[in-house]
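Worksheet for the structure shown next.
The values are calculated or read from the model by the stated rules, or taken from the named source; none is laboratory data. Every value quoted in this text rests on a predicted model; they were computed, and no experiment measured them. Counting neighbours? That spans all protein chains shown, and the Cβs are built from the backbone with ideal geometry, glycine included. Side chains are part of the model used for accessible areas, which takes the heavy atoms of the whole protein and leaves out ligands, DNA and RNA. Shrake-Rupley method; radii C 1.70, N 1.55, O 1.52, S 1.80 Å.
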Amino acid sequence: MSTRLADTFARCRAEDRAALVTYVMAGDPDPETSLQVLRALPEAGADIVEFGLPFTDPMADGPAIQAAGLRALKGGQTLARTLELVGRFREENTGTPVILMGYYNPIYTYGVARFLEEAKAIGIDGLIVVDLPPEEDDELCLPTIQAGLAFIRLATPTTDEARLPAVLANTAGFVYYVSITGITGTATPDFGVVAGAVERIRRHTDLPVVVGFGVKTGEHAAAIARGADGVVVGSAIVDALARSLDGEGKAGSGSVAAVTGLVRELAAGVRAR
């Protein structure tokens, strides 16, 4: 299995800080801009990148990420083109972990074996597939582990002590704690409650625990970082990109800068002591 994830969390621990995990939608608003954004994220302070897989029927995504997925699909983004973008990113960056995040349908349609073989070859480090529970591990989770990639599971505020062991059983890389009930980008978490939840999960696993959903600012990132191993920001970044687009949804000269400006603020947040 790739050591990029473990090495990244070890480096962040050595720097006495949480990792910054940034999410963007593959192909939003077009493939070339998406690649420029992907390349710019580590330079702006992102430690790990989640690259979203556009899907027509997302059930966990709020309005910002739903709109990003629709823009990408309208522009012709496919799973094959997403893998191609990551391959082009890897030509210049071999150190930043890349996680693909999305839903099972596009992977199933593409073919699980084919997908995992190509993902491993281009340097994908792991998967987050939000609509496959532990009871369906044979579908993708176990083949992913056998292929040498991390399968990263989500724990939520409703994941109780009885359910948590099943959620963690085949999880690798890190545990993603969803800080709110509901969809992405729609509420601000209670930071005290989140810290308690992270401690509860840590009693069950040695994996890093990262927190996402509802983190929008550097101040939010700093608050989460005080109790977690990593902070995930998605909707706010996707929103920053969307606001930079013109009336036809096309990127302009300031689109990449709109993303990197926010990521720098978030990176400063996770580094604040």
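Accessible surface calculations at 1.4 Å, restricted to protein heavy atoms, place region 161-273 at 42 Å² per residue.
Shape of region 187-273 from its Cα gyration tensor (a ≥ b ≥ c, root eigenvalues): rounded if a/c is under 1.5, otherwise prolate when a/b > b/c, or oblate? Prolate is the answer for region 187-273, as a/c is 1.5 or above and a/b outweighs b/c. Label zone (residue 120, point 7 Å along Cα-to-C-beta; backbone nitrogen cut-off 16 Å) within region 1-35: 1-4.
Using only the Cα atoms of region 1-130, build the gyration tensor, take square roots of its eigenvalues as a ≥ b ≥ c, and label the shape rounded, prolate or oblate: rounded if a/c is under 1.5, else prolate if a/b is larger than b/c, else oblate. In terms of gyration-tensor shape, prolate.
Take the Cα of residue 113, step 7 Å toward its Cβ, do the same at residue 161, and the gap between the two points is 4.4 nm. Any idea which of 36, 249, 263 is furthest toward the positive side of the dipole for region 3-271, if Lys and Arg beta-carbons carry +1 and Asp and Glu beta-carbons -1? Result: 263.
Placing +1 on the Cβ of every Lys and Arg and -1 on the Cβ of every Asp and Glu, with nothing else charged, gives the chain a dipole about its Cα centre of roughly 600 debye. Semi-axes of the equivalent ellipsoid of region 71-230 are 27, 19, 15 Å, computed as sqrt(5λ) over the eigenvalues of the C-alpha gyration tensor in descending order. Taking the protein heavy atoms of the chain in the context of the full set of protein chains, the accessible area attributed to carbon and sulfur is 51 percent at 1.4 Å.
Here the Gaussian network model covers the chain, with springs between Cα atoms less than 10 Å apart; of 46, 14, 67, 14 fluctuates the most. Take region 1-160 with all the other protein chains still there, run a 1.4 Å probe, and you get 40 Å² of accessible area per residue. Under the classification rounded if a/c is under 1.5, otherwise prolate if a/b is larger than b/c and oblate if not, where does the chain fall, given a ≥ b ≥ c as square roots of the Cα gyration tensor eigenvalues? Rounded, since a/c falls under 1.5. Between residue 14 and residue 206, the contour length at 0.36 nm per residue exceeds the alpha carbon distance by 67.5 nm.
Within the same chain, lysines fewer than 8 places from residue 74 are excluded, and of the rest, those with a Cα less than 23 Å from its Cα are 250. Taken one residue at a time, the phi angles of region 247-254 give Karplus couplings (6.51, -1.76, 1.60, θ = phi - 60°) of x, 9, x, 9, 6, x, 5, x Hz. Gly and Pro are set to x. Each of residue 246 and residue 32 was given a label point 7 Å from its Cα along the Cα-to-Cβ line. The distance between the two points is 1.3 nm.
For residue 216, the accessible surface of its heavy atoms amounts to roughly 70 Å² (probe 1.4 Å, protein chains only, rounded to the nearest 10). In this simple spin-label model, placing a label point 7 Å from the Cα along the Cα-to-Cβ direction at both residue 74 and residue 226 gives a separation of 4.2 nm.
Using the Karplus relation 6.51 cos²θ - 1.76 cosθ + 1.60 with θ = phi - 60°, the per-residue 3J(HN,Hα) values for region 229-245 come to 8, x, 10, 9, 10, x, 4, 5, 6, 4, 5, 4, 5, 4, 5, 8, 7 Hz, with x marking Gly and Pro.
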